[in-house]
Structure formats: C-alpha cells, structure tokens
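The structure appears below as structure tokens.
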Amino acid sequence: MIRLLLVEDDASLAYIEKTALEDIIGGYEITAATNGKEGLEAWRRVRPDVIIADIDMPVMNGFEMVERIRETDGDVIIIFTSALTSPNDVKAGYRLGINNYVKKPFVPEELDAHIHALLKLREGGKTRSEASHYQIGKFVLDAPHATLKNGDTGELRTLTVREAQILQLLADNKNNVVRREAILSRFWNTEDDYFASRSLDVFVNKLRKLLADDPDVSLKTVRGIGLQLIVG
C-alpha cells in the first residue's frame, strides 16, 4: 500500500483524484490537505511515501511547503500537478527538490504511472550503505539498528531511536546547518515548544559526548539558527 498525501485546494479535483487512485486503480492510502500549511501538518503526521501537490494554493503555496519539507526529508517523492507552465515555475520546483512535474489536466492513470516509475527508480538507486549507514569521522552510524560504532576501537554504542534519527538527519546534511525549527517539527509535537526545545538540548548534549572521541567531528550550535554536524 502506497501512503500518498494529496495537497489540492480544488475540492472537486481532489475528490476525483482520490477516488480514482484509491478505488479504481487501487493500492493507495490517501490523506488529503487543502493547502500547503495543512500539507505540512499531514506530512509530519503521516510520513507519506509520495506527495502530490498543487502549486498555487491559499495560506501556503506548494513552493513554500516543499522548501520546508526538503529541509529534513530528502526521501519522500514529491510531484507537482499544476496548470502553471512558466519555465521559471518548473525550474523553481526542481530547484527545491521535486521529483516530477505533471501538467493539468491529466488522467489518474498517468499520475499512477509516474508514481510507480519514481518509486522503482528510488528503490533501485539505493544501496544498503546509502540507505542506512553513515560515515561520521571514525564512527559509523547504523540508523535502522540505532548503533554507533567506533571504527578505531570497535566499540559499539547503542542509541535510542530518536538519538539515531537526529544524528541521521544531521549526517544527511553533513557540514550544513539544519534549522532548529525543522528538527523540532520533525521529531516533536511542537505544541509544547518549551518542552520540545529542552528535550532537543538533552539529545544534542548526549550526541556530543558520544562523538567526543574524534577531534575531527563536532556538533555545533549556530546561535539563533540551528545545528551543524562538522566532519573534518
């Protein structure tokens, strides 16, 4: 079953797409949102395999939504479906990290074909190392099994699931700053901002201690912005 997030402000079109993919074509579990803000909230809650999104929407448009998602999630497949045909719009979408652009109007079978082609391409392009193992200086993070191995000593440290997830996110963006807000929105219910922020600080301090054996690795706080995993 493919978990699909459909972000579309045209209620009639959304109904047609949802019905066609779920009931006629089959193999989809669809969550619907009517604008980019709702789409972001649904993405955090559902963790879809695929996002189908319009561009021109109220409250938050597709470009803004994708920019926020791509700060922490480089895996989810994102397809824009829009009547906007300007080359600048197409370039902007691909620059933000979408995987495909389907011009409206289209038939659901066309969309289904694009989705399966992209899923096949993604799975075929991933090696075990790329999908789960990260070299961080002398350390190797095995994200699915939540372990951190010291390559020099062979020592294997067990992490909590959330420690492994945070370190994986930072490793995916190695030497780049990841916004604190993006980390909090991905791993915590940010309705209690104070608790979430303090919890993140605890996890960061623990990770710093785990990485302290390698002087070429540091977890830096960029004040007012976020965190940066530096690997020399």
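The values are calculated or read from the model by the stated rules, or taken from the named source; none is laboratory data. Just so it is clear, the structure is predicted and the values come from calculations on it, not from any experiment. All Cβ positions, glycine included, derive from the backbone under ideal geometry; neighbour counts span all protein chains shown. When the accessible area is computed, the model is the full protein with side chains, heavy atoms only, and any ligands, DNA or RNA have been set aside. Shrake-Rupley method; radii C 1.70, N 1.55, O 1.52, S 1.80 Å.
Things to note:
- Selected residue (criterion: farthest from L169 (Cα to Cα)) from residues of segment 50-67 that are open to solvent by 10 Å² or more (accessible area, probe 1.4 Å) and out of contact with any Asp or Glu (no Cβ under 9 Å at 6 or more places or on another chain): E64
- Qualifying residue in segment 18-28 (condition: open to solvent by 60 Å² or more (accessible area, probe 1.4 Å) and within 20 Å of G74 (Cα to Cα)): no
- Here L229 fits the description: closer than 21 Å to E71 by Cβ and either polar (S, T, N, Q) or in contact with a helix residue (DSSP H, G or I) (Cβ under 6 Å, 6 or more places away or on another chain) (or both).
- Pair list, Cβ under 9 Å, 6 or more apart: segment 20-36 residue touching a residue at least 12 places away in the same chain (Cβ under 8 Å), other residue of a type in the set (S, T, N, Q) and open to solvent by 10 Å² or more (accessible area, probe 1.4 Å): N35/N61; G36/N61
- Here the helices (runs of 4 or more DSSP H) wholly within segment 77-169 that include at least 1 residues being touching a residue at least 60 places away in the same chain (Cβ under 8 Å) and touching a helix residue (DSSP H, G or I) at 6+ places or on another chain (Cβ under 8 Å) are 108-125.
- Meets criteria (surrounded by 20 or more Cβ atoms within 10 Å (Cβ to Cβ), within 21 Å of V107 (Cβ to Cβ) and free of Cβ contacts under 8 Å to residues at least 60 places away in the same chain) for L5: yes
- Residue satisfying all of: in segment 85-121; out of contact with any strand residue (DSSP E or B) (no Cβ under 9 Å at 6 or more places or on another chain) and farther than 22 Å from D49 by Cβ; surrounded by the most Cβ atoms within 10 Å (Cβ to Cβ) among these: A92
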